[in-house]
There are 2 protein chains.
Amino acid sequence: MPRVMFQPAGLTVEVEPETSLLDAAREANVPLRNDCGGQGVCGRCLVEVRRGSVNRLKSRHTPPEGREMACRCLVEEGDVEVFVPAESREIDIEVTLREVEPPAEDFPPPGALVEDVELSLPPPSLDDNLADAERLRRALSKWREGEYPLAIAGLRGLPKVLREADWEPVVTLGEEPWGRRVLDVRAADGRPRCVLAVDVGTTAIKARLLGPGGRHVASCYNSQMMFGPDVISRIIHCQRADQKGCAELQQAVVQDIERLLEALLEESPWRRDDVWGAVFSGNTTMIHLLLGLYPGWIRREPYVGCAYLLPSVNPREVGLRINPAGRVFCLPSVSSFVGADITAGVLATGLADMEEPSVLIDLGTNGEIVVGCREFLVCCSASAGPAFEGGASASGTRAREGAIDTVWAENGVRWRTIGDAPPLGICGTGYIDLMATLLREGIMDKTGKFVPGAAGVRQLEDETTDYLLVPAERSATGRDIELTQADVQNLVRAKGAIYAAGSLLLRNLGMEWGDLARIMLAGGFGEHLDKDNAVAIGLLPDVPRDRIEFVGNTSLEGAVCAASSAAKYRRARQTAKSMTYFELSTHPEFMDQFVSACFLPHTDAEKFPSVTGDVEVRNSAET
Amino acid sequence: MPRVMFQPAGLTVEVEPETSLLDAAREANVPLRNDCGGQGVCGRCLVEVRRGSVNRLKSRHTPPEGREMACRCLVEEGDVEVFVPAESREIDIEVTLREVEPPAEDFPPPGALVEDVELSLPPPSLDDNLADAERLRRALSKWREGEYPLAIAGLRGLPKVLREADWEPVVTLGEEPWGRRVLDVRAADGRPRCVLAVDVGTTAIKARLLGPGGRHVASCYNSQMMFGPDVISRIIHCQRADQKGCAELQQAVVQDIERLLEALLEESPWRRDDVWGAVFSGNTTMIHLLLGLYPGWIRREPYVGCAYLLPSVNPREVGLRINPAGRVFCLPSVSSFVGADITAGVLATGLADMEEPSVLIDLGTNGEIVVGCREFLVCCSASAGPAFEGGASASGTRAREGAIDTVWAENGVRWRTIGDAPPLGICGTGYIDLMATLLREGIMDKTGKFVPGAAGVRQLEDETTDYLLVPAERSATGRDIELTQADVQNLVRAKGAIYAAGSLLLRNLGMEWGDLARIMLAGGFGEHLDKDNAVAIGLLPDVPRDRIEFVGNTSLEGAVCAASSAAKYRRARQTAKSMTYFELSTHPEFMDQFVSACFLPHTDAEKFPSVTGDVEVRNSAET
């Protein structure tokens, strides 16, 4: 079979003739950009063929001189050497670590999802000759009421362990829907234990090890991106390749999690066997793919998943190499498009305990909205698309070093990147700032059209216009960083969908935005949000700014909450069952609301008095 | 390595030099008799070395001319050929089938331990878009309240199966302590399902397949006998070889069960995958060994097992090749010496539902006694020893074809064998008859001594006496079938222990034998019991004969009951928890009671008026 070598990584793979270079890259685990799932549409998978020959399929894109679209090049009989240029690489496929506040010294706390209990059993005697397992259960029931079944594997070692522990064992318990299961019994060994919390995002995965001294959040891209940028393209991959497709996607994400775990362990006092549990959050499709559940019916009307309330699972069932007697837990989903990331967000923000109605808006590839308080919770989802995550835009990127995340006007349009690194592209908060700035500066009008002749606006050959933010010679990729008319359309549609969905949900509850005590925006699309700019483009409603809050990645935070407390985990399951899902796609008013919201900030100017009256409020003290 | 070939089976095995021929036979799966566990004591493992040479260890037995004790012969460097004569073979290692009444045509009935439910789900719609798993659970909860968790493996196939079944699936449910588990979901296929019920005896294993048309009980010897005849010698094997020993014994019994299953399947309409459950009964040690649980502490004061209330188990955990999604259940034990066979007996006889106090006496290697009714249940165990199972007696055998099971006086002492086959030895009921007959005929006195000069009594060289029942030339083994003075001692001790234990248990309840409505004797030591003879030797109390009942193998019958009804299985677990275990070994009066009962029928003649007054009641209509 011909071999394909990928440079500069130096990874080689053997493939069948007729395999595309994109598929070969996936096979070789080379992180090659590709936003259309290999359909020849996005033009992101550009490579240089440096040695050997390939069969080029027709394409409507003409790649730049010396470059090829990897998805359009098929391997022939001979070996090929391929160079992947910087802009085609998912550059931080490597794990990055960020330091955070460690959990309490006595983690896991009493009542955690996976918990250690120290017991002192009376040794057996002729007057008290219960079997070892029943003796243990009796002590556990005295400690806290319950049944405490032991699996057969645990029973096999029990007589030896109890005697080695001199009848004073440490017992590790794990939560089940019907009570608590005994995961492990051992002599006290003084070893610290820990639990892994993971947010499986469509784009990025973040993980923490929870235990004394667990000081880091590790993150990396979800390498499922090699199969497509969003949940729909990944579901399509599963449908095309049936069980094999599901298995490939499961393997991809589990390998990522394993790499995160490895990096976290290196910075910690723990070994793999000290990790006794893992708690996962993520959207419904991500959780399906993690567990190897078929997600195919999620994208077809009436949009049903395989399961939303999930059993705890043996780590081997997902291929996760933590302690094999430990357990894997997933936060529950509410529906196909309101996932565990949302129940995690409700948990992390405490929405279900609030006295006054508030809203949580999670702005990801799919936007989800939950309105409620301790009396009720209602949710909906809106197809925002990946615009704010940088997915479908000409110069879009994720919130990483080099991403333009802040834009403002000061003798022209200015920008700043995360880490002050050379600019790679624009991330979500950068787009919000850019759009608001261009509006204020009169470079873009309220319909989202660029004003011909304004500074930075370029007239293109195909009679469209775009806005040049950073010219190629100043960018890290050697390509212009720009905002196209199509980008603006996507961004306007995304913010319009969110706003319209929220408005319609509220109206159906007999409420308005102004009735909400807090408006919480969650997501991983930036590190700081300019509230005025978010209002200025009509993404968020025009309410007093102190009611608006950017709460960051609540999905990971919710997993951390659940890991720390079985009661919170149970609460999340209860929340998922009781939350009312409001189906927008069938609602007759949605299209009207959406069309009205596809304007900057809105067709109904009265809804945004602070913006349309005085666009300069951004310099107020709250910013 | 030298090879050992065993004839007439023609089985060859390679072993290390210094391996005993007995160990080589075990390795080769040659069913060689051996009652002392290879200690050189029983003299049962006689073989002929026909080719090659062996190293003979010293022994206090002198084997007959041309024979060797296999446990005393070590293989040297060269190959050996060994002939196993008929009397050294466990002759019916082969599975035997007996026809019985099949269960009802609609087995498994509603509420069985493993049960099929036909559901009709509303297909998902935009107004009702629950996930597949929650849709299934909703329908199950409507059918019967409960949680119905699905394992991850079942979830993986669920979307496909539900749609193939057109939303009308058949669901197989299995009982768990916390409710019911979904074992399988499929489109209706009209295939019959069945459940295996097994009694794992120390000596013999019996099994039935329960389903429409399951007409057979299959039985075979427990090939753990190669490691020793009773639970104690097998526990010692586990202790000697630690986990390896447990695994060897588990493997031996599982292979036997697999052979029984194979034989039953051949006579049935089912395949292995149609067997969705297996329910096991047996004494505490047998259940430990079946599940691979360490039994070592059962034989050391204070005699505690690893577990008595057992979880249901995946068939792969025990190596049983039924449907891998099925479940294995074990009836619960009460204590180390009151096992699942006894809770099975309580279930099968309905003792726990009786209005008036009765007793169940299970006469096995270990005798167990339960006294009670629906108000209370108290149990104890008495080390009867294997005398009634033919284990330790000179001419003892199990209740099999060729076993002398009936003895009477009619112009001399007469006997009959099971199946009217040539006599191999004497089984339990044969010994009861023989002892009673010799007593009546004045051949043996009330202390168990043979009367010198009486017909059949022989004076031996070592100044002891014995009784010759069948001379060598008329027996199937070519050896005398005899009753030795040591045999009588063992039998008297066994019956004395049972009677003393029962009497003491009753006295502690403020009762006497005469207060009991029914006296039920259970066990596999014969097919028919002569009640008068059992009373005549003092095994059973002297009460009106219509209160005495021989109930046969209640262990298997209890497993059948549990398989047919989850409620009965739960009831057995409740019974095991609530049954009071009365520890005899520490009771100060036991020794007195035992010594008084080591007389024929008893030192206190007033307790046996019908025997001491008129020994000829045996010809009454009740016999």
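The values are calculated or read from the model by the stated rules, or taken from the named source; none is laboratory data. Bear in mind the structure is a predicted one, so any value in this text is a computation, not a measurement. Methodologically, a virtual Cβ is constructed for each residue, glycine included, from the backbone with ideal geometry; neighbour enumeration extends over all protein chains shown.
Computed quantities for the displayed model
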quantity: Members of segment B:582-594 found to be assigned to a loop (DSSP other than H, G, I, E, B) and either touching a strand residue (DSSP E or B) at 6+ places or on another chain (Cβ under 6 Å) or more than 10 Å from every other protein chain (Cβ to nearest Cβ) (or both), listed by number; calculated: B:582, B:584, B:587, B:588, B:589
quantity: Pairs, first under 11 Å from residue A:46 (Cβ atoms) in segment A:63-75, second among the small types (Gly, Ala, Ser) and in a strand (DSSP E or B), C-beta under 8 Å, six or more apart; calculated: A:70/A:20; A:71/A:20; A:72/A:20; A:73/A:20
quantity: Count of segment A:336-383 residues which are part of a strand (DSSP E or B) and among the small types (Gly, Ala, Ser); calculated: 5
quantity: So residue A:372, is it modelled with pLDDT under 95 and among the small types (Gly, Ala, Ser); calculated: no
quantity: When residues of segment A:89-128 are limited to those that are part of a loop (DSSP other than H, G, I, E, B) and charged (D, E, K, R), the one nearest to residue A:476 (Cα to Cα); calculated: A:90
quantity: Residue B:110 modelled with pLDDT of 90 or more and either within 30 Å of the chain's Cα centre (by Cα) or crowded, with 22+ Cβ neighbours inside 10 Å (or both); calculated: yes
quantity: Selection from segment A:305-320 of residues that are more than 21 Å from the chain's Cα centre (by Cα), part of a loop (DSSP other than H, G, I, E, B) and within 7 Å of chain B (Cβ to nearest Cβ); calculated: A:311
quantity: Set A:301, A:262: member being out of contact with any Pro (no Cβ under 7 Å at 6 or more places or on another chain), charged (D, E, K, R) and not in a loop (DSSP other than H, G, I, E, B); calculated: A:262
quantity: Residue list for segment A:163-181, filter: free of Cβ contacts under 8 Å to residues at least 60 places away in the same chain and at the interface with chain B (Cβ under 10 Å from one of its Cβ atoms); calculated: A:163, A:178, A:179
quantity: Set A:232, A:236, A:257: member being outside the structural domain of residue A:23 (by TED's automatic domain parsing), touching a helix residue (DSSP H, G or I) at 6+ places or on another chain (Cβ under 7 Å), among the β-branched types (Val, Ile, Thr) and assigned to a helix (DSSP H, G or I); calculated: A:232
quantity: Only one of B:550, B:525 that is more than 30 Å from residue B:311 (Cβ to Cβ), surrounded by fewer than 24 Cβ atoms within 10 Å (Cβ to Cβ) and touching a residue at least 12 places away in the same chain (Cβ under 8 Å); calculated: B:550
quantity: Some residue of segment B:494-503 being surrounded by fewer than 20 Cβ atoms within 10 Å (Cβ to Cβ) and in a helix (DSSP H, G or I); calculated: no
quantity: Test for residue B:579: is it within 14 Å of another protein chain (Cβ to nearest Cβ) and either closer than 23 Å to residue B:605 by Cα or not small (Gly, Ala, Ser) (or both); calculated: yes
quantity: Test result for residue B:535, part of a helix (DSSP H, G or I) and either within 22 Å of the chain's Cα centre (by Cα) or among the β-branched types (Val, Ile, Thr) (or both); calculated: yes
quantity: Residue selected from segment B:6-30 under the condition outside any loop (DSSP other than H, G, I, E, B), in contact with a strand residue (DSSP E or B) (Cβ under 7 Å, 6 or more places away or on another chain) and modelled with pLDDT of 85 or more, by the criterion surrounded by the fewest Cβ atoms within 10 Å (Cβ to Cβ); calculated: B:14
quantity: Positions within segment A:29-45 being out of contact with any Asp or Glu (no Cβ under 8 Å at 6 or more places or on another chain) and of a type outside the set (A, V, I, L, M, F, W, C), in sequence order; calculated: A:29, A:34, A:35, A:37, A:39, A:40, A:43
quantity: Selected residue (criterion: farthest from the other protein chains (Cβ to nearest Cβ)) from residues of segment B:182-216 that are in contact (Cβ under 8 Å) with a residue 40 or more places away in the chain and of a type in the set (Gly, Ala, Ser); calculated: B:213
quantity: Boolean, residue A:514 is in a helix (DSSP H, G or I) and surrounded by fewer than 22 Cβ atoms within 10 Å (Cβ to Cβ); calculated: yes
quantity: Qualifying positions in segment B:600-621 - surrounded by 17 or more Cβ atoms within 10 Å (Cβ to Cβ) and either touching a Gly at 6+ places or on another chain (Cβ under 9 Å) or modelled with pLDDT of 90 or more (or both); calculated: B:600, B:601, B:602, B:607, B:608, B:610, B:611
quantity: Lone qualifier among A:3, A:33, A:98, A:67 - being among the basic types (Lys, Arg), closer than 25 Å to residue A:238 by Cα and either surrounded by 15 or more Cβ atoms within 10 Å (Cβ to Cβ) or at pLDDT below 90 (or both); calculated: A:33
quantity: Residue list for segment B:250-304, restricted to those being more than 21 Å from residue B:524 (Cβ to Cβ), within 14 Å of chain A (Cβ to nearest Cβ) and among the polar types (S, T, N, Q); calculated: B:250
quantity: Criterion: surrounded by fewer than 23 Cβ atoms within 10 Å (Cβ to Cβ) and under 30 Å from residue B:99 (Cβ atoms) - qualifying residue of B:278, B:263; calculated: B:263
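Per-residue answers, yes or no, for (1) in contact with an Asp or Glu (Cβ under 9 Å, 6 or more places away or on another chain); (2) in the same structural domain as residue A:560 (by TED's automatic domain parsing); (3) without any contact (Cβ under 8 Å) to a residue 40 or more places away in the chain; (4) buried (at least 24 other Cβ atoms within 10 Å of the Cβ):
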position	(1), (2), (3), (4)
A:326	yes, no, no, yes
A:335	yes, no, no, yes
A:349	yes, yes, no, no
A:357	yes, yes, no, no
A:362	yes, yes, no, yes
A:368	yes, yes, yes, yes
A:378	no, yes, no, no
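This table checks each residue for (1) touching a Phe, Trp or Tyr at 6+ places or on another chain (Cβ under 7 Å); (2) crowded, with 16+ Cβ neighbours inside 10 Å; (3) away from every other protein chain (no Cβ under 14 Å).
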| site | (1), (2), (3) |
| --- | --- |
| A:118 | no, no, yes |
| A:123 | yes, no, no |
| A:135 | no, yes, no |
| A:143 | no, no, yes |
| A:151 | no, yes, no |
| A:154 | no, yes, no |
| A:161 | no, yes, no |
